[in-house]
Each structure stands twice: as C-alpha cells, then as structure tokens.
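What follows is a set of notes on a single structure, which appears directly below.
The values are calculated or read from the model by the stated rules, or taken from the named source; none is laboratory data. This one's a predicted model, so the numbers in the text were calculated from it and none came from an experiment. Cβ sites come from the backbone with ideal geometry, for glycine too, and all protein chains shown count toward neighbours. Remember, those area values only see protein heavy atoms, side chains included, never the ligands or the DNA or RNA. Shrake-Rupley method; radii C 1.70, N 1.55, O 1.52, S 1.80 Å.
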Amino acid sequence: MYFYNPNTKEILTKNDLGLKYNTSISNNATSYNEWIQLIIYRKPLVCDFQICVENPIELDGTVYKKTYTVHYKSLDVIRSLVHKKLNEQFKYASEKAYIKSSCGFTIDANEIANRDIDGLIKVMKAKNTTTELFRDYNNNHHEITLEQLEIMQLEVIENAQYLYKQKWNYSNEINSLTDVKTLIQLNFEFKYMDF
C-alpha cells in the first residue's frame, strides 16, 4: 500500500511511512493527516512505436491515483523505425536469396554465390576448361559450362537489382504514408526472380 503527500510530493509505502514517524498510523494519526492513500496503476507495456507517459497524480474521491497514458511516437520517429525494419528484412532477404535459374535448377543468389560463380568463371577461363562441377541450392551437383555460369551470374545480379527495386518501392510507400497505424502495420515481403 502506498501513501502520497500532496504538499511534499513524496510517495511512501505504509512501512516507510511508519519508519518516517517511528510509529503506526493508529498510534499517531495526527502525524499522518497530510498523507492520503495512493493507488499506483501498473505501467502498461508498449511497443517500439509507442511511449508511456506518467500522468500527474490526481485525487479521485478519497484516494490519489497514479496513472499512465500510452501515445504513439512522432511520425518521423515511426518512419525511421519502419525504415530500420525494412533494412533488416532486406538484408535477410538478400542473404537468403535463391532463384530458379534458366539452366534448369535452383541456385543461391546472394553475394557469396555471386562471388563463387565469378571465381569459377575466372578459374575456367584461366585453365581453359569446358565444364566444371557446380553445387546448386539443394546441394545437388551439376556439370556446367562456362556459358551457363555466365548466365547464372547475370541472373544473380538481376535478382539483386530486383530486390533493390522492391526495397525502394517499400521505402517510397513508407515516406508517403501519414497515418501512423497504417505505417506500423506495413509488412515487407521480398520475392525472388524465376528464370
């Protein structure tokens, strides 16, 4: 149980109040006449887009009440948080990217895959080999030609550009929205290309 002194703005528990006056309320009621029971409501949980504000303590009949109000953050702050969410989801989609290649199987289409394909192309050109073993997205091996590798590399690059275009479209949507509730409910679903 809490008590509040509107003159000093102090908030004390019943035990702390007894220690302050070194006596119980029933033994020394006059020492406690400035103290009124205070009901402290539980602080509400908020999401990243909200802020919890402590309201001024108010007298409600015979008790004081300490309450809280939840507000949305400013539109600019929410926009920056939604952009951050977009960037995180774009990064995840880019790192996990895969495509159905025109070569007939699914391949990884992230930055590492692009680097690996580029490396294979350079090795094949340097060694003047006609075919090379390639492991696809499902860990199956395929014997492929230099021409197929070059096609796959272009497809990986096109898919990366496709992901960026989707990100830019989402970013434009974030910047155009003025309704906070619509803004925070945005979902970002990145799609990969199918060749």
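Key figures for this structure:
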| item | result |
| --- | --- |
| Net lengthening on full extension, Asn128/Ile39 (0.36 nm per residue, minus Cα-Cα) | 23.8 nm |
| Between helix 75-95 and the chain: long-axis angle, C-alpha atoms, 0 to 90°, nearest 10 | 40 degrees |
| Portion, in percent, of the accessible area of the chain that falls on carbon or sulfur, probe 1.4 Å | 49 percent |
| Ser102/Asn172 FRET efficiency (R0 45 Å; Cβ-Cβ; nearest 0.05) | 0.90 |
| Stretch gain in nm, segment Asp179-Leu154, where the contour uses 0.36 nm per residue and the Cα spacing is subtracted | 5.0 nm |
| The stretch 53-195, accessible area per residue, ligands and nucleic acids excluded (1.4 Å, Å²) | 64 Å² |
| Above-threshold pairs, the threshold being 19 Å between Cα atoms, out of Lys66/Lys181; Lys43/Lys73; Lys100/Lys122; Lys43/Lys85 | Lys66/Lys181; Lys100/Lys122; Lys43/Lys85 |
| Reachable lysines, given that their alpha-carbon falls under 23 Å from the alpha-carbon of Lys125 and they are not under 8 places away in the same chain | none |
